[in-house]
Structure formats: structure tokens, C-alpha cells
Amino acid sequence: EAGVTQFPSHSVIEKGQTVTLRCDPISGHDNLYWYRRVMGKEIKFLLHFVKESKQDESGMPNNRFLAERTGGTYSTLKVQPAELEDSGVYFCASSQAGRWEKLFFGSGTQLSVL
Amino acid sequence: SQQGEEDPQALSIQEGENATMNCSYKTSINNLQWYRQNSGRGLVHLILIRSNEREKHSGRLRVTLDTSKKSSSLLITASRAADTASYFCATLDTGRRALTFGSGTRLQVQP
């Protein structure tokens, strides 16, 4: 069974540019989460999808961040325009329907904004 | 504000020794979990302890939970070089459906 995959693994962009991160959850997992770790600090929750619907987006930092999950399958997280403080590792995780406890994580995307 | 807060931030031990990491949290929880992250990899679920449990074992891992003190500890016995990683506690807060993570403990096991 394929795990959670994220693409790209690394992205280096300049301030003001746009970047789109992609996450493919484990097949059949209804729950999909985005998290971010900045500069070795805590892993912060960004948002939670149940299928194609946003269940909780309380962690999204501002309107420069846009997450979508078309058809309840893969998800994208777009940052537009990127700022220096957006640098960090963006993790995606998924879990089965009704199971919010045990998450399966992707390897993350290391985003560097210069 | 940060929910889970691990202590220490970094820990270096020799192979064969035991490693103890602590986590404190602030709100009411349903359960607490520990995850491991190897460098450049995703987080891997290690163990879950529910709010009505006080201690749980899994292989070389032992987790305790004290809900009165809002704290948990993770003990890794007979550590190995392969245990070198960052360890995070995560809580599932009452009424929420998303885990809250701390800042992690970086464990280095010297061979």
C-alpha cells in the first residue's frame, strides 16, 4: 500500500513568487491534514479536510494560503505571494474516516523563500 | 499558544542507555500520542495512551500519562543508534478532530 506522498520534496523560491505543494493521501483516507514546522519550532496545524470539505481551517496563517482538495482525493496548498516567514517544512497527513488519532504522514516539502 | 511542549529540547546519550523525554500540555485531552521523525522523513506514530490510562508499553517504549499534572513521559530503554530522531508528543484535544503537536525533543544516540 502506498503511503502519503508529497511533491516536491524541496522548493526554493523568491519572495513574491507563487508555490503550489501537492499531497496524495493514502487511498481511501477521508481525512487529510496540512501541518507546518518553522525553524525547528512546534509542528503547527494548518487545516483539515474531510473528503473535499474543509472541516477546520483555523490554523491557516492568512489569505496568502489557499488549500484545495478536488474530488476528495489529492490536495494542493498554494502560497501566493510567498513571504520569507513562510519558509519551513510542510507536512501532509491522512487518516481513515472517523479516525482522528492515528495519522500517516508524508515526508514533507521543505520550502525556502529567499 | 503551544499545546504540547517537550523537554528537553535535545538529548544525547550512549547506546544502551535509557532515554526519557517529557511532554506537558494545557487543555483537556482524549488521548496523547508520541511520534518519531527521522531526518528528512515524515512522522511515524509510535504509541497512543488514552486519558483514562496511566501507563502503556510497546516493545522498548514506555509511556506514562498524568492528567492531573497535564504531563506525559516517553521512556526508550536500551537505546540504539537507530533511535536517533526527533520525538514529538501530540494531543487530541476534547472536541477537536486534529492533533496538536509540540516542538519536539532531538535525541542523539551515540554508538
- Report the residue count in the stretch B:92-110 for those that are within 15 Å of B:Ser79 (Cα to Cα) and surrounded by fewer than 17 Cβ atoms within 10 Å (Cβ to Cβ). 2
- Looking at the stretch B:35-63, which of its residues are within 12 Å of chain A (Cβ to nearest Cβ) and part of a strand (DSSP E or B)? B:Tyr35, B:Arg36, B:Gln37, B:Leu43, B:Val44, B:His45, B:Leu46, B:Ile47, B:Leu48, B:Ile49, B:Arg50
- Note on the structure: Among A:Met60, A:Met39, the single one that is within 13 Å of chain B (Cβ to nearest Cβ), within 11 Å of the chain's Cα centre (by Cα) and aliphatic (A, V, I, L, M) is A:Met60
- Task: Determine which member of the set B:Asn18, B:Asn38 is in contact (Cβ under 8 Å) with a residue 24 or more places away in the chain, polar (S, T, N, Q) and surrounded by 13 or more Cβ atoms within 10 Å (Cβ to Cβ).
- Result: B:Asn38
- Message: If A:Gly16 satisfies all but one of (1) away from every other protein chain (no Cβ under 11 Å); (2) in contact with a Phe, Trp or Tyr (Cβ under 8 Å, 6 or more places away or on another chain), what's the number of the condition it fails?
- Response: (2)
- Message: Suppose the filter is aromatic (Phe, Trp, Tyr), closer than 24 Å to B:Thr91 by Cβ and modelled with pLDDT of 95 or more; does A:Tyr90 pass it?
- Response: yes
- Among (1) within 10 Å of chain B (Cβ to nearest Cβ); (2) more than 25 Å from B:Arg96 (Cβ to Cβ), which single condition is A:Leu114 missing? (1)
- Note on the structure: B:Ala78: passes all of (1) over 21 Å from B:Asp7 (Cβ atoms); (2) in contact with a strand residue (DSSP E or B) (Cβ under 9 Å, 6 or more places away or on another chain); (3) at pLDDT 95 or above but (2)
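The values are calculated or read from the model by the stated rules, or taken from the named source; none is laboratory data. On a predicted model such as this, the values are computed, not experimentally measured, just so you know. We place every Cβ from the backbone using ideal geometry, glycine too, and count neighbours over all the protein chains shown.
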